[in-house]
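The values are calculated or read from the model by the stated rules, or taken from the named source; none is laboratory data. From a predicted model like this one, the values you see are computed outputs, not experimental measurements. As a convention, Cβ positions derive from the backbone with ideal geometry for all residues, glycine included, and neighbour counts pool all protein chains shown. Please note that ligands, DNA and RNA were not included when accessible areas were found on the heavy atoms of the full protein model with its side chains. Shrake-Rupley method; radii C 1.70, N 1.55, O 1.52, S 1.80 Å.
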Amino acid sequence: MIGKIERFAKIYPLYFGLEGDLLFYIAVDTLFLTIAKNFSAVQIVSVISIAQIICIILQYPMLFVIRKMGNTCSVRIGSLALLLSALFTTFGNSYFVILLARICHDIATVFRSVSYVALENNLTLIGKREEFVKIQTNANTAYSVITMFISFVANWMFSVNYYLPMIGCITTCTLGFILSFFIKDYSVYNKVTLKNEKGERIKIAYSKIVILVLIVYGLFYSTVQSCQTNGKIFIQQNVIAIFNVEHTALIMGVIICVSRIVRVLSNMVFAKLYKKHKAKMGVALPTVLCTAITLLLLGSFAPKIIFKICIMTIGYAMLLFVRDPFRVYVQSVLFENTAVEMHQTLMTMVEFFAKVGYAGMGMLFSAVLLKFPMSVVIAILLAFSMVEIILCCILYRMLVTNKTASPS
């Protein structure tokens with residue numbers, strides 16, 4: 001058993017690196033949809049928000065399937081859904097097919113979320129639960145390194161042929177699907193039965209800390225994700241107003257490369273930072289997020305294009321710096337403050353709260369963009385990031401108080 005789990009721990013980072021998202025595509029997603037598929041900014045935002053709403057409606061059925069199928073099988077279902085998303089995005093030409101592709105992408109996110117639970121369960125099984133943050137950070141690092149190297153070539157591939165990055169996307173999704181068959185939860189919690197010996201349903205109790213963590217993550221993730229999508233479009237709009245399509249693609253490629261390098265660095269240092277500061281990271285990361293959005297907004301008003309690009313690039317890169325660490329931070333907090341029987345449900349709830357926030361923001365921004373420029377959307381995101389800092393300060397105090405009150 002120990003040998004199998006150690007092999008799992010070695011394969012997990014590579015699996016996560018290939019399955020973290022739609023590789024290649026995410027480096028050119030807005031360019032691909034606007035140029036290859038002739039989508040407008042409003043259409044791109046609406047596809048994302050509608051898909052989120054549909055997945056919110058499907059949340060309970062998906063959780064039911066996860067509980068019945070178990071963590072191991074759910075991971076494979078998620079990998080298959082991601083592969084279907086890549087295929088639909090590549091070969092679909094209508095709005096509805098692209099919407100279907102996005103729905104598959106979001107469904108994949110929910111099903112693959114239990115891979116975190118499988119990792120935590122397996123480590124607990126061999127008495128190495130404390131290595132969760134380290135291994136998950138290594139997995140995030142693998143993903144960030146892969147996407148960094150992809151960012152070096154994705155925009156060049158796009159300039160050669162609009163569909164060349166999608167071939168790479170389908171290839172990596174296929175490899176990820178194959179590796180998913182090596183991701184197995186060996187614990188008895190692979191399938192969680194929330195019933196007692198009498199067959200009565202056990203209700204999951206949500207403490208104040210758990211509820212606040214879910215709200216905090218939902219707001220944080222939706223703000224970061226919305227800012228990545230809209231921020232990329234925002235930068236693209238500022239650059240393409242001065243340069244042609246080819247030069248814009250090149251500049252955007254450089255910006256993506258810089259942001260990916262920063263993402264690698266953040267994952268490389270986070271494990272050490274978390275070990276040293278722990279709960280304080282929950283306040284530090286949202287503060288960095290707020291600073292990033294501020295730079296995006298202020299950079300757009302810079303009079304010279306070189307200053308404009310540099311300031312906005314720094315802001316965009318900082319978004320990538322905080323994204324992975326905050327996810328690991330939230331997962332660790334939830335695992336440490338809840339019973340193991342709750343973990344499978346909580347990981348799907350984390351994705352649920354993120355989708356609710358992201359869908360809400362998407363619908364809001366779709367309406368805003370009908371009458372106002374993208375700068376207004378970025379300003380609203382800045383306000384959300386300030387609210388996030390306040391909530392994270394409250395969470396920090398609760399965690400410190402809870403730790404002090406717990407018996408040593």
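Counting just the residues of region 171-226 that are in contact with a Ser or Thr (Cβ under 7 Å, 6 or more places away or on another chain) and at pLDDT 90 or above, which one comes out most open to solvent (accessible area, probe 1.4 Å)? Selected residue: Lys184.
Across region 327-348, what is the number of residues that are more than 20 Å from Glu130 (Cβ to Cβ) and touching a helix residue (DSSP H, G or I) at 6+ places or on another chain (Cβ under 6 Å)? Write out each step before concluding.
As a first pass, look at region 327-348 and keep what is more than 20 Å from Glu130 (Cβ to Cβ): 341, 344-345, 348.
Checking the rest, the ones that are also touching a helix residue (DSSP H, G or I) at 6+ places or on another chain (Cβ under 6 Å) come to 344, 348.
Adding up the residues that qualify gives 2.
Just name the residue that is nearest to Gln43 (Cα to Cα) out of those in region 237-253 that are touching a residue at least 40 places away in the same chain (Cβ under 8 Å) and open to solvent by 20 Å² or more (accessible area, probe 1.4 Å). Going through the qualifying residues, I end up with Gln237. Scan region 147-192 for residues that are in a loop (DSSP other than H, G, I, E, B) and free of Cβ contacts under 8 Å to residues at least 24 places away in the same chain and the total you get is 2. Scanning region 17-33 for residues that are out of contact with any Phe, Trp or Tyr (no Cβ under 6 Å at 6 or more places or on another chain), at pLDDT 90 or above and part of a helix (DSSP H, G or I) yields Leu18, Glu19, Tyr25, Phe32.
A Cβ distance below 9 Å, combined with a sequence gap of six or more or placement on separate chains, defines the contacts here; from region 363-379, residues that are under 21 Å from Leu295 (Cβ atoms) and in contact (Cβ under 8 Å) with a residue 60 or more places away in the chain reach residues that are outside any helix (DSSP H, G or I) and polar (S, T, N, Q) in the pairs Met374/Ser300; Ser375/Ser300; Ile378/Ser300. In region 46-78, which residue that is open to solvent by 10 Å² or more (accessible area, probe 1.4 Å) and of a type in the set (Ser, Thr, Tyr) is farthest from Gln344 (Cα to Cα)? Result: Ser46. Within region 108-118, the set of residues being closer than 16 Å to Tyr60 by Cα and either modelled with pLDDT of 95 or more or open to solvent by less than 20 Å² (accessible area, probe 1.4 Å) (or both) comprises Ala108, Val110, Phe111, Ser113, Val114.
Determine, yes or no, whether Phe307 is surrounded by fewer than 20 Cβ atoms within 10 Å (Cβ to Cβ), at negative phi and assigned to a loop (DSSP other than H, G, I, E, B). If you could, list the steps in order and put the result at the bottom.
Working: surrounded by fewer than 20 Cβ atoms within 10 Å (Cβ to Cβ): yes; at negative phi: yes; assigned to a loop (DSSP other than H, G, I, E, B): no.
No, not satisfied.
In the condition set (1) open to solvent by 40 Å² or more (accessible area, probe 1.4 Å); (2) of a type in the set (S, T, N, Q); (3) under 19 Å from Leu84 (Cα atoms), Gln43 is compliant with all but (3).
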